[in-house]
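Just below is one structure, and these are the notes that go with it.
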Amino acid sequence: MEITSVNVRKVDKEGSRMRGIASVLLDDSFAVHDIRIIEGESGLFIAMPSRKTPTGGYRDIAHPINPEVRAMFQDKILEAYNNIKEEVAE
């Protein structure tokens with residue numbers, strides 16, 4: 001599996017820890033939308049798309065099954081996010 005495209009939209013919402021929204025294309029054939037980029041205490045991380053359950057919790061709609069794939073998603077998405085930040089600063 002290869003991430004063939006990453007699109008990131010920066011979000012500037014005062015009082016929110018969310019910094020952006022990403023969409024990822026896998027093998028030019030499968031898309032995952034609404035991956036959130038969150039500012040945590042230890043830096044940026046991603047949160048996969050989720051939906052609220054009837055009990056008030058949240059459940060991921062799509063997510064990596066192992067740590068290696070999660071790291072691949074996070075690395076590619078944060079790289080694209082940082083590239084957007086650099087373009088805005090120039």
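Read the figures in this text as sums done on the coordinates, not as results from a lab. These figures come from a predicted structure and were not determined experimentally. Positions of Cβ are backbone-derived with ideal geometry, glycine not excepted, and every protein chain shown enters the neighbour counts.
Label-to-label distance, A47 versus H63, with points set 7 angstrom from Cα along the beta-carbon direction: 1.2 nm.
State whether segment 3-89 is rounded, prolate or oblate according to the following rule on the C-alpha gyration tensor (a ≥ b ≥ c being the square roots of its eigenvalues): a/c under 1.5 gives rounded; otherwise a/b larger than b/c gives prolate, and the remaining case gives oblate. Because a/c hits 1.5 or more and a/b fails to exceed b/c, segment 3-89 counts as oblate.
Backbone phi angles across segment 8-16, fed through the Karplus curve with coefficients 6.51, -1.76 and 1.60 (θ = phi - 60°), yield HN-Hα couplings of 10, 10, 6, 10, 10, 10, 4, x, 9 Hz in residue order; Gly and Pro are listed as x. Taking a ≥ b ≥ c as the square roots of the eigenvalues of the Cα gyration tensor, segment 11-59 is oblate, since a/c reaches 1.5 or more and a/b is not larger than b/c.
Grab the chain and count how many Lys pairs have their alpha-carbon atoms under 21 Å apart, sequence gap of 8 or more, or different chains. Don't jump to the answer; show the numbers that get you there.
Values: K10/K76; K10/K85; K13/K85; K76/K85.
Lysine pairs, 8 or more places apart or on different chains, close enough: 4.
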